[in-house]
Ligand SMILES: Nc1ncnc2c1ncn2[C@@H]1O[C@H](COP(=O)(O)OP(=O)(O)OP(=O)(O)O)[C@@H](O)[C@H]1O
Ligand SMILES: [Mg+2]
C-alpha cells in the first residue's frame with residue numbers, strides 16, 4: 001500500500017488536493033483547481049466526448065467562443081434529489097459523474113507527482129449540504145460514489161471546518177477554544193473546537209468538538225445579489241407592458257433566473273426562447289431587453305459572472321469599484337461603493353450569516369468573549385462586511401487566518417490518523 005494519502009476539498013468554486021506522506025505526517029504538495037468542466041461541441045457524432053477541467057476549461061471555453069457545455073458550481077447539485085442528471089451531447093451525466101471528472105483530474109495530477117496510484121482519501125464535506133437531512137444524505141452518497149468512480153478504494157469523510165481546525169492547530173502553542181469559520185462559495189460553516197497541539201496524534205477528537213453548524217449562504221449568493229441589484233436593470237428588469245388596460249411589470253422570476261450561473265446553465269432554452277420573443281414584442285423592443293437576448297443567445301453568463309466576481313473581489317481591497325461588462329452590444333459600467341455593497345446589496349445575506357452565528361453560539365451557551373481565537377478560512381472570509389462583524393463581535397486580535405484556499409485540503413490530509421490507523 002502506498003505511503004501517501006490524499007485530502008480532497010471538493011469546493012463549490014475551488015477544489016484542492018493535498019498529498020500527505022504518512023511516514024513523516026507532512027504535506028508534500030497541494031494542488032488547486034477551479035471546480036469547472038467544459039465539454040466542447042463534438043466534431044463527430046459518435047466520438048467519445050472530450051472534456052477539460054479547471055483553468056483549461058475556461059481557456060477552451062473562451063477560445064471556442066462560448067460554444068459547448070460549460071459547468072460551474074457542480075457541488076450545488078449534489079443535494080438536489082430532483083437532479084437525476086444532465087444530457088451532454090447525448091450522453092447522460094449524473095451528479096456523481098460530473099464530480100468524478102473533477103476528482104479524477106486532481107487524482108491524476110497527484111498520482112503523477114508521487115508516481116504511484118493512491119487509493120486512500122479523506123474527502124471533505126460541508127457541515128450542511130442541505131438543511132433537509134434526506135437531501136444531505138443524498139449529497140454525501142453521491143460524493144462517495146464519485147470518489148469510488150474516480151478510483152479511490154478507502155474513502156473517509158471529514159467536515160471541512162474540522163479539517164481547517166486541524167490545520168490551525170498545528171500553528172498553536174497552548175490550549176484554545178477556537179471558532180473555525182469556513183466561508184466559501186456555497187456555504188458558511190462554523191465549528192467550535194477545543195484545540196491543543198499535543199492532541200494531534202489522538203485518534204479520536206470527537207470530545208473536543210463543542211459544536212458545529214452551517215448555513216447555505218456563501219460568496220456565490222453575493223454574486224447573485226450583485227447581479228440582481230446592479231445587473232438585471234441592464235437586462236430589462238423593471239420594463240412594463242400593457243395587458244389590456246393594466247400595466248404589468250415583466251415577471252420577477254424571469255430575472256431571478258439570471259442571478260446565478262447554474263440557473264442559467266440548466267435553463268430550458270426552448271421555453272426561454274419563446275418567452276424572450278414574446279416579452280421583447282410586448283415591451284416594445286427596448287434596448288435593455290436586447291441586452292437580455294444577447295446575454296442568452298451568446299451564452300454570456302459566465303463572462304458576466306466573471307466581471308461580477310472581479311468587482312466583488314475588488315471590494316475586499318478598495319472602497320469603490322466598477323462592474324464593467326462589454327460584449328455583443330451590451331455595455332455595463334456600474335460603480336459600486338463598499339457602502340452600498342455592504343448594506344443594500346449583500347446586507348441581508350451578511351445578516352443571515354451573522355444571525356446564524358449568534359444563534360449557534362447561544363445554543364452552545366458560549367459567549368463570544370470566551371472564544372480564544374476565530375480562525376477564518378475560505379475566499380468569502382475576505383469580504384469586508386464579514387470581517388467587520390466578526391471583529392466587532394470577537395475583537396480584532398482574536399481573528400486569525402491562514403491560507404484561505406488550502407487550509408481545508410491540508411487539514412483533511414492531516415486528519416488521516418482518525419480514519420486509517
Ligand atoms: N479576495 C476575495 N474577496 C472576496 N471574495 C473572494 C475573494 N477571493 C475569493 N472570493 C470568493 O470566495 C468564494 C470561493 O471561496 P472558496 O474557494 O473558499 O470556496 P469553495 O471551497 O469553493 O466553496 P464551498 O466551501 O462553499 O464549497 C467565491 O465566492 C469567490 O468569489
Ligand atoms: Mg470550501
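The values are calculated or read from the model by the stated rules, or taken from the named source; none is laboratory data. From a predicted model like this one, the values you see are computed outputs, not experimental measurements. Neighbour counts run over all protein chains shown; Cβ positions are idealised from the backbone, glycine included.
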Looking only at residues that are in contact with a helix residue (DSSP H, G or I) (Cβ under 8 Å, 6 or more places away or on another chain) and modelled with pLDDT of 90 or more in the stretch 198-213, which one is farthest from ligand 2 (Cβ to nearest atom)?
208
Where in the stretch 204-299 are the strands (runs of 3 or more DSSP E), entirely inside, with at least 1 residues that are over 30 Å from residue 405 (Cβ atoms)?
240-243, 246-249
Mind listing whichever residues of the stretch 184-198 are more than 13 Å from ligand 1 (Cβ to nearest atom) and more than 16 Å from residue 373 (Cβ to Cβ)?
198
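Select the strands (runs of 3 or more DSSP E) contained entirely in the stretch 321-421, then report the ones holding at least 2 residues which are in contact with a strand residue (DSSP E or B) (Cβ under 6 Å, 6 or more places away or on another chain) and closer than 30 Å to residue 304 by Cα.
Numbers: elements: 330-337, 373-377, 399-401.
Once the strands (runs of 3 or more DSSP E) in the stretch 321-421 are filtered for at least 2 residues that are in contact with a strand residue (DSSP E or B) (Cβ under 6 Å, 6 or more places away or on another chain) and closer than 30 Å to residue 304 by Cα, what remains is 330-337, 373-377.
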So, of the residues in the stretch 381-407 that are within 16 Å of ligand 2 (Cβ to nearest atom) and closer than 18 Å to residue 165 by Cβ, which turns out to be surrounded by the most Cβ atoms within 10 Å (Cβ to Cβ)?
407
Sort out which residues of the stretch 6-18 are assigned to a loop (DSSP other than H, G, I, E, B), surrounded by 24 or more Cβ atoms within 10 Å (Cβ to Cβ) and within 7 Å of ligand 1 (Cβ to nearest atom), and write them in order of number.
11
Inside the stretch 19-74, counting only strands (runs of 3 or more DSSP E) that do not spill past its ends, which hold 3 or more residues that are out of contact with any helix residue (DSSP H, G or I) (no Cβ under 6 Å at 6 or more places or on another chain)?
26-34
Among the residues listed as 362, 372, the single one being away from ligand 2 (no atom under 16 Å from the Cβ), without any contact (Cβ under 8 Å) to a residue 24 or more places away in the chain and within 30 Å of residue 210 (Cβ to Cβ):
362
Failed condition for residue 410, given (1) closer than 30 Å to residue 167 by Cα; (2) within 12 Å of ligand 1 (Cβ to nearest atom), with all others met?
(2)
